[in-house]
Structure formats: structure tokens, C-alpha cells
Amino acid sequence: MKSPLHPLALLLPLLLACTPPPPAPKPQPRYTIGQPYEMDGVWSYPREDFALRETGLATVVPDPRPGRVTADGEIYDPVLLTAAHRTLQLPAILLVTNLENGLSLRVRVNDRGPAQPGRVVALSRRAAELLGVSAGGTQVAIAVDPDLSRSLSAGLPQPEAPRIAIETAPREAVQAESLAPPPGTQAAERVRQGRGPATVAAVAVEP
């Protein structure tokens, strides 16, 4: 005769079914440069540049929704002082100066953009508000803060350098072949041995 199941044994499958799955790991920011890419028909070539200075139009990041993952692995938040640049190493600290009102602000570049050709930087909604930058475009000057940028990148995981597989070239068997000595070799050998040059007899041929 089978013993009756314990009530807890009956409840266990229900408890497991109601247990929420563990939360997904939170994306972590990382230092990155990235490969060349195309955006809105324009190719960009990212590079490490701690001395970058540019002037041009700034705009506002067109997607204000929080929660998406940026190019360097951060979670985008429109209330933070962040920005997007097409070629800078990520993250980087950028000093942005509004040339129309003189206001300056340091922002953290953590994404790629602007998507519009002819714009030098795209600012988060909060950064744009503090600088007085409009979505239509405002003239700004940008300059990388080298010390802060290096300090920021030093504390982040660094990408591994790509390893290039170098295959050993196949080796073929070397075949030896005996060749006749070039002209003058015997005469040179006689001079080296101190026996003087060899004498060649001239034979006169009558016409």
C-alpha cells in the first residue's frame, strides 16, 4: 500500500512554477573603439584621440527612451549628461561649449552618433537643456578632456587585442645540382694560391 504524499510535495511544483526567473545580468560599461561603420550613408572610422577639438552643429539624441544599451555597454538615461560621437573612443569626457550663449558643460560620450550628417555631437536631453542646444542644431565647440578621459577608461575592462593567425609557409625540399665553375674561377684560384695567373698560348692563324 502506497503512503499518501506529503502536502508539501504537492505544493512544490506550484511554488517552482510561481518563482520568477533570476534577473538578467546588468550590462557593464567597457572601453571600446570599434570597427568602421556606416550610418545614414556616411562611413565613420573610430579611433583613439585624446586631443580632438571640433566645431560644428550639436543636436539632441533623437531617441529619448531610457533603458537601451549604448555602444560602450551602458544603459541610456536621458537625464544623465551624456553624448554621442561618431569616432571617439568610448567612453570619453568631452567639454562642450555653446558658441551662441557661452555656456560650457562636460559630458560623457558613450554612444555613436549623431545620425544626421554634418553634426559633430548629439547630446542627451538633459545636457542639451543645460547648454541651450536645440534639436535643430546649435553651433558648439567640443574638446576632449584628456586627463579625465584616460582616468575613466583606465578603470573599465579593456578589449583584447585581435590575434592574427600566422600559418607557417610550407617548406619544399631543396635540390642540389653541380654546376660548372664560371669563367675565370681557375685563374682566380691560382692567384689566391700565389702561383700567378695562368698563361694562355696564342695561336696565330695565317690568312
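Yes/no matrix, rows are residues, columns are (1) under 30 Å from Gly132 (Cβ atoms); (2) modelled with pLDDT of 70 or more; (3) in contact with a Lys or Arg (Cβ under 9 Å, 6 or more places away or on another chain):
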residue	(1), (2), (3)
Pro7	no, no, no
Leu12	no, no, no
Lys26	no, no, no
Met39	yes, yes, yes
Trp43	no, yes, no
Glu54	yes, yes, no
Gly67	yes, yes, no
Val79	yes, yes, yes
Thr82	yes, yes, yes
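Based on what the data block shows, is Leu105 out of contact with any Leu (no Cβ under 8 Å at 6 or more places or on another chain), of a type in the set (A, V, I, L, M, F, W, C) and either at positive phi or at pLDDT 95 or above (or both)?
So Leu105 does not fit the description; no.
Restricting attention to the range 140-152, which residues are part of a strand (DSSP E or B) and either under 18 Å from the mean Cα position of the chain (by Cα) or under 15 Å from Gln116 (Cβ atoms) (or both)?
Selection gives Val140, Val144.
Looking at the range 25-72 only, could you name the residues that are open to solvent by 40 Å² or more (accessible area, probe 1.4 Å), closer than 26 Å to Leu156 by Cα and of a type in the set (Val, Ile, Thr)?
The answer is Ile33, Val69.
Quick check on this structure: which one of Leu148, Leu90, Leu156 is open to solvent by 60 Å² or more (accessible area, probe 1.4 Å) and touching a residue at least 24 places away in the same chain (Cβ under 8 Å)?
Selected residue: Leu148, the only one of Leu148, Leu90, Leu156 that is open to solvent by 60 Å² or more (accessible area, probe 1.4 Å) and touching a residue at least 24 places away in the same chain (Cβ under 8 Å).
Condition (residue is of a type in the set (Val, Ile, Thr) and over 23 Å from the mean Cα position of the chain (by Cα)) applied to the range 111-129: is it met by at least one residue?
no
Need a quick list: strands (runs of 3 or more DSSP E) entirely within the range 24-66 having at least 2 residues that are of a type in the set (Val, Ile, Thr).
By residue number, 53-60.
If Thr59 meets every condition in (1) more than 24 Å from Arg150 (Cα to Cα); (2) in contact with a Pro (Cβ under 6 Å, 6 or more places away or on another chain); (3) at pLDDT below 95 apart from one, which number is that one?
(3) is the only condition that Thr59 fails.
The values are calculated or read from the model by the stated rules, or taken from the named source; none is laboratory data. As the structure is a computational prediction, the values presented were derived from the model and not from experiment. Neighbour counts run over all protein chains shown; Cβ positions are idealised from the backbone, glycine included. What goes into the accessible areas is simple: the full protein's heavy atoms, side chains included, and nothing from ligands, DNA or RNA. Shrake-Rupley method; radii C 1.70, N 1.55, O 1.52, S 1.80 Å.
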